[in-house]
Amino acid sequence: MPTSNLHLAESPTLADLQQYVRDMMRERGFDNSVEQRFMMLFEECGELAKAARAKAGMKFAADTHTADIEEEAADVLIIFLGLCNLLDVDLEKAFRAKEERNKKRTWKKL
């Protein structure tokens, strides 16, 4: 049975999560291109939407597979963090900078 040397802090920061995914990708031998990572992200977003649809009680075909919404949300995050790593985006830094800009905006309903 495979073993892993990975360890995630008890209360990880966004930077911790991004580093964990970087280490995980390296450990597991994933070296996807940006294009492959985008396709995986879209696929996982679709699976999350399907799980959210089921949770909302919406109808879907009887032969449709729905997965656990928490697992699908985690998959989206993992793939997204991996994409950010491939693009050399420090997501925590980018999030903080963007939120500072957003705080100065005026928000209105359409």
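The values are calculated or read from the model by the stated rules, or taken from the named source; none is laboratory data. Owing to the predicted nature of the structure, the values given are computational and were not obtained by experimental measurement. FYI the Cβ positions are ideal-geometry reconstructions off the backbone, even for glycines, and counts take in every protein chain you see.
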(1) assigned to a helix (DSSP H, G or I); (2) free of Cβ contacts under 8 Å to residues at least 24 places away in the same chain all hold for D31 apart from (1)
In the range 58-99, what residues are among the aromatic types (F, W, Y) and under 12 Å from A15 (Cβ atoms)?
-> F95
Odd one out for A54 among (1) surrounded by 12 or more Cβ atoms within 10 Å (Cβ to Cβ); (2) farther than 25 Å from E92 by Cα; (3) in contact with an Asp or Glu (Cβ under 9 Å, 6 or more places away or on another chain) = (3)
For A67, which of the numbered conditions (1) of a type outside the set (F, W, Y); (2) touching a residue at least 12 places away in the same chain (Cβ under 8 Å); (3) in a helix (DSSP H, G or I) fails to hold?
-> (3)
Among what's in the range 1-23 and is hydrophobic (A, V, I, L, M, F, W, C) and outside any helix (DSSP H, G or I), pick the residue that is surrounded by the fewest Cβ atoms within 10 Å (Cβ to Cβ).
-> M1
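Kindly evaluate A49 against the criterion of being outside any loop (DSSP other than H, G, I, E, B), modelled with pLDDT under 90 and aliphatic (A, V, I, L, M). Steps first, please.
Numbers: outside any loop (DSSP other than H, G, I, E, B): yes; modelled with pLDDT under 90: no; aliphatic (A, V, I, L, M): yes.
Judged against the criteria, A49 is not a match.
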If you take the residues in the range 25-46 that are more than 14 Å from the chain's Cα centre (by Cα) and either among the charged types (D, E, K, R) or surrounded by 15 or more Cβ atoms within 10 Å (Cβ to Cβ) (or both), which one is modelled with the highest pLDDT?
-> E35
Output the residues belonging to the range 72-110 that are touching a helix residue (DSSP H, G or I) at 6+ places or on another chain (Cβ under 6 Å) and among the charged types (D, E, K, R).
-> E72, D75, E92
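Among the residues of the range 61-110, which ones are aliphatic (A, V, I, L, M) and loosely packed, with under 12 Cβ neighbours inside 10 Å?
Taking the range 61-110 as the starting set, the residues that turn out to be aliphatic (A, V, I, L, M) are 61-62, 67, 69, 73-74, 76-79, 81, 83, 86-87, 89, 91, 94, 97, 110.
Correct list: A61, A62, L87, A97, L110.
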